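**Q** First the structure, then my questions, so here it is.
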Amino acid sequence: MKYAIVTGGARGLGLGIVAALLEEKIVETVAVIDKELAPAPAAIAKQVHGFRADVTEEGSIHSAVEAIAARFGAHPDVLCNNAGGGERAWFEGSRQTNNWDSVETWRRYVDLNLNSVYLVSREVAPRMRTGGAICNTSSIAGMQAVPMLAAYAAAKAGVISYTRTLAAQLAPSGIRVNAVAPGVIYTQIWKQLGAAVGGGDDKARQAFEAIVQQIVPLGREQTEEDIGRAAAWLCSEKAKNVTGQIIAVDGGITLGVRPLEG
């Protein structure tokens, strides 16, 4: 039985990746590692199994992966390192200090968004066999200068660098490693950022939509389904000669041009 491990797969982008892996029949079962588990949608509930763990803690990851391997087999076929993000207080703290994060906040961003990718990969990759695939979730923030999200952006840039390094490291073993770089998606991190920028929870969506119109050439927000389909393709046989690549799913944001007015 082919199976995938998806971190942060209980909701948001992670759930989009889980759904796409199953819909595209990349795997038959998905083991979700998340600090806060939630029931999977009814349509895929029988194929999704949750394992509670903190991806920033080595021992917690080891225990979860051991339990997954005991249940589904010693050799995972796919790993999606998706867990990441931040907390609203981290965004607001940065804004209040002219974009200077506290040292503690900086470390927490890096721990959650970058160190977790290394810790989980270090635990899972040696268990994978030829033909396995890893997809990391970076961000277009890691491809641009983003003063108000400096720590988050630096961590996601690190994910891009590590994705390429890991691709070279695992290529002789026949394991591919790529990453998706989402643009602007109204997930929890953007709800929190929208609230911080807009001045309250009730203005979060409005602030988000204004940002979309300002920076996305295609003029529309990206979705969890968009990211899921990209990740599923990267983990499929259709991408069997693709490794070390970063795919930005961003409606053209990284083109570096503002949308043209009609």
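**Q** Give, rounded to the nearest 20 debye, the magnitude of the charge dipole that the chain has about its Cα centre when Lys and Arg contribute +1 at Cβ and Asp and Glu contribute -1 at Cβ.
**A** Taking the Cα centre of the chain as origin, the dipole is about 500 debye.
**Q** Pull out the extension gain between ASN99 and SER161, defined as 0.36 nm times the separation in residues minus the alpha carbon to alpha carbon distance; nm, one decimal. Walk me through the numbers before you get to the answer.
**A** Values: separation 62, 0.36 × 62 = 22.32 nm, distance 2.38 nm.
Result: 19.9 nm gained on full extension.
**Q** Here's a follow-up. Any idea how far apart GLN206 and ALA145 come out in nm if each label point goes 7 Å out from Cα toward Cβ?
**A** Between GLN206 and ALA145, the label points sit 3.1 nm apart.
**Q** Another question about this same structure. Tell me, ILE253, ILE17, ILE5 in order of fewest to most beta-carbon neighbours within 10 Å?
**A** Values: ILE253 23, ILE17 32, ILE5 28.
Listed from fewest to most nearby Cβ atoms, that is ILE253, ILE5, ILE17.
**Q** How far is helix 150-170 tilted, in degrees, relative to the longest principal axis of the Cα atoms in the chain, given as a value from 0 to 90 rounded to the nearest 10?
**A** Roughly 30 degrees, rounded to the nearest 10.
**Q** Past 19 Å, Cα to Cα: identify those pairs from LYS25/LYS238; LYS2/LYS238; LYS25/LYS240; LYS2/LYS156, in the order given. Show your work: numbers first, answer last.
**A** Working: LYS25/LYS238 12 Å; LYS2/LYS238 16 Å; LYS25/LYS240 15 Å; LYS2/LYS156 29 Å.
Too far apart for the 19 Å limit: LYS2/LYS156.
**Q** Next question, about the same structure. Fewest Cβ neighbours within 10 Å first, please rank GLU24, GLU104, GLU123 accordingly.
**A** Working: GLU24 16, GLU104 10, GLU123 19.
Ascending Cβ contact count within 10 Å gives the list GLU104, GLU24, GLU123.
**Q** Shifting gears a bit: Could you pull out the GluC sites (Glu not before Pro) across segment 216-262 that fall in loop regions by DSSP (anything but H, G, I, E, B) with no more than 16 other Cβ atoms inside 10 Å? Intermediate results must be reported in sequence, preceding the final value.
**A** Details: sites: GLU221, GLU224, GLU225, GLU237, GLU261; in loops: GLU221, GLU261.
Answer in residue order: GLU261.
Computed from the coordinates by the stated procedures, all read-outs in this text should not be read as laboratory data. Bear in mind that the values here come from a model prediction, so they are computed numbers and not experimental data. FYI the Cβ positions are ideal-geometry reconstructions off the backbone, even for glycines, and counts take in every protein chain you see.
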